[in-house]
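**Student:** I'd like to ask some things about the structure below.
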Amino acid sequence: MARGGVNKAVVQAARLAILARGENPSIDAIRIEMGNTGSKTTIHRYLKELGENPQAAQAAPAEPIDDELLALVARLAQRLKEQGQAPIDQAREQFESQRKGLETQLEEAREANTELHQQYEIQSLALTQESEALQETRALLQSEQTRNAGLNQALADFELRLQDKDEQIRSLEEKHLHARDALEHYRNAVKEQREQEHSRHESQVQQLQMELRQAQQSALVRQDEITQLHRDNERLLTENRGTLRELSLMQEQLKQSNSRQDQLLEQATRVDGERTLLQERLRVALLESQSLKQNVEEQTQTNKALEIELTKAQAELEESLHQNKRSEQARDGRQR
């Protein structure tokens, strides 16, 4: 079968129409009569076949057939062929349009699925990074909490040491007061004894002088003890001031540690919130991806159904073309 619907019957009908008008049925004239369809080689082959059939050439003038009737039959055959071909072409164009539209929708769905998959990978990477940052923040928070516990323990130790120093200072001050009281009491006792024994016998002066020297020596010893107590007191005060400075420094470090801990807790809370938001976005993206996958599957099933319909339509089209061909051949046979 030639392309464009050109066959032997159509060429014969065009040839008869030209002969009916009293013109020369050349290849170009027949091709113009058929609407500029068909190749010249095919038309020439069909004309050659028509010319090589002597029975048809001898039978043509024997029958009294009217030229106008032949031309009308040829035009009717051409119109029947065109009318039979038009629904097929229209159905084919409609199917091609639907197929292209479905292919476009499928491509858009694939692109949307690819974009969602990329967004899913980006959000998964961001969630992984946020989780790692959260783990690092938690580790840093745990380290700061451990350091804070150590500082609290050190502060407690310093407070205990400070209390011990205060106790030692109070003890030394009490000893110092006792020593001063003893010295004062001794001086008063010596004074009273000196006044009382002044009236005694002169023989007791030497004994009193000896006792005085002993008392003086004892007072010197007590004075040395008081001096040593003053020195110990100054040393303890100096150590107390250093301890107070260390305590102030530790308290400042504790404040900084508490501030850092609050910042880390706030950062951990913010990271948890961001992770929750990313998880919600990921869940929505997964739902959209599943919906798109379902749409793609439905579109694929629709395409398969359309392909089956196209196959049926093509089969029906071929069957219709075969029937038209058989009808034309039968008509050809009746005309001959």
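Each value in this text was obtained by applying a stated rule to the coordinates, not by laboratory testing. Just so it is clear, the model here is predicted, and its values are computed rather than measured. As a convention, Cβ positions derive from the backbone with ideal geometry for all residues, glycine included, and neighbour counts pool all protein chains shown.
**Student:** Let me have the relative contact order for segment 111-311, percent, based on Cα pairs under 8 Å that are six or more residues apart. Show your work: numbers first, answer last.
**Tutor:** Numbers: 74 pairs, mean separation 111.6, N = 201.
This gives 56 percent for segment 111-311.
**Student:** Give me the net charge for the shell around residue 179: Cβ to Cβ below 14 angstrom, other residues only, Lys and Arg +1, Asp and Glu -1.
**Tutor:** -2
**Student:** With only alpha-carbon atoms counted, please give the Rg and Dmax of segment 267-336, in Å.
**Tutor:** 29.5, 99
**Student:** Relative contact order for the chain using alpha-carbon pairs under 8 Å, separation at least 6, rounded to a whole percent?
**Tutor:** Working: 154 pairs, mean separation 96.2, N = 336.
So the answer I get is 29 percent.
**Student:** Using a Förster distance of 35 Å, how high is the FRET efficiency between residue 293 and residue 90, based on the Cβ-Cβ distance and rounded to 0.05?
**Tutor:** On the way: r = 35 Å, r/R0 = 1.01.
E between residue 293 and residue 90, to the nearest 0.05, is 0.50.
**Student:** If you rank 296, 6, 221 by fewest surrounding Cβ atoms within 10 Å, what's the result?
**Tutor:** The fewest-first ordering by Cβ neighbours comes to 221, 296, 6.
**Student:** State, in angstrom, two size descriptors of the chain derived from its alpha carbons: Rg to one decimal place and Dmax to the nearest whole number.
**Tutor:** According to the Cα coordinates of the chain, Rg and Dmax are 62.3, 204 Å.
**Student:** Show that you can apply the helix-only estimate: for the chain, add -39,500 (n - 2.57) for every DSSP H stretch of four or more residues, divide by all residues, and state [θ] at 222 nm to the nearest 500.
**Tutor:** Numbers: 6 runs with 306 residues, N = 336.
Rounded to the nearest 500, the figure is -34000 deg cm²/dmol.
**Student:** Roughly how many whole Å is it from the C-alpha centroid of segment 310-331 to that of segment 5-19?
**Tutor:** The distance from the Cα centre of segment 310-331 to that of segment 5-19 comes to 20 Å.
**Student:** Then there is this: How charged is the neighbourhood of residue 200? Take every other residue with its Cβ under 14 Å from the Cβ of residue 200, and add Lys/Arg as +1 and Asp/Glu as -1. Could the numbers behind the result be given before it?
**Tutor:** Details: positive: 194; negative: 192, 195, 197, 202, 211.
Taking every other residue near residue 200 into account, the sum is -4.
**Student:** Checking the table 81/325; 8/81; 81/312 against a 18 Å threshold on Cα-Cα, which pairs fail?
**Tutor:** Working: 81/325 10 Å; 8/81 13 Å; 81/312 21 Å.
Check vs 18 Å cut-off fails for 81/312.
**Student:** Among all helices in the chain defined by DSSP H, which have a length of 15 Å or more along the axis from Cα atoms plus a Kyte-Doolittle mean of at least 1.0? Walk me through the intermediate numbers first.
**Tutor:** Values: long enough: 8-20 (18 Å, 1.35); 40-51 (16 Å, -0.83); 67-198 (190 Å, -1.13); 203-335 (191 Å, -1.18).
Going by DSSP H runs, the hits are 8-20.
**Student:** Given springs between every Cα pair under 10 Å in a Gaussian network model of the chain, which of 81, 165, 48 has the largest fluctuation?
**Tutor:** Ranking 81, 165, 48 by mean-square fluctuation puts 48 first.
**Student:** Which net charge results when you count Lys and Arg as +1 and Asp and Glu as -1 among the other residues whose beta-carbon is under 13 Å from that of residue 241?
**Tutor:** Details: positive: 165, 235, 245; negative: 166, 234, 239, 246.
Net charge in that neighbourhood comes out at -1.
**Student:** Across the Cα atoms of segment 111-311, what radius of gyration and what greatest pairwise Cα-Cα distance (Dmax) are found, in Å?
**Tutor:** Every Cα atom of segment 111-311 included, Rg and Dmax give 43.4, 158 Å.
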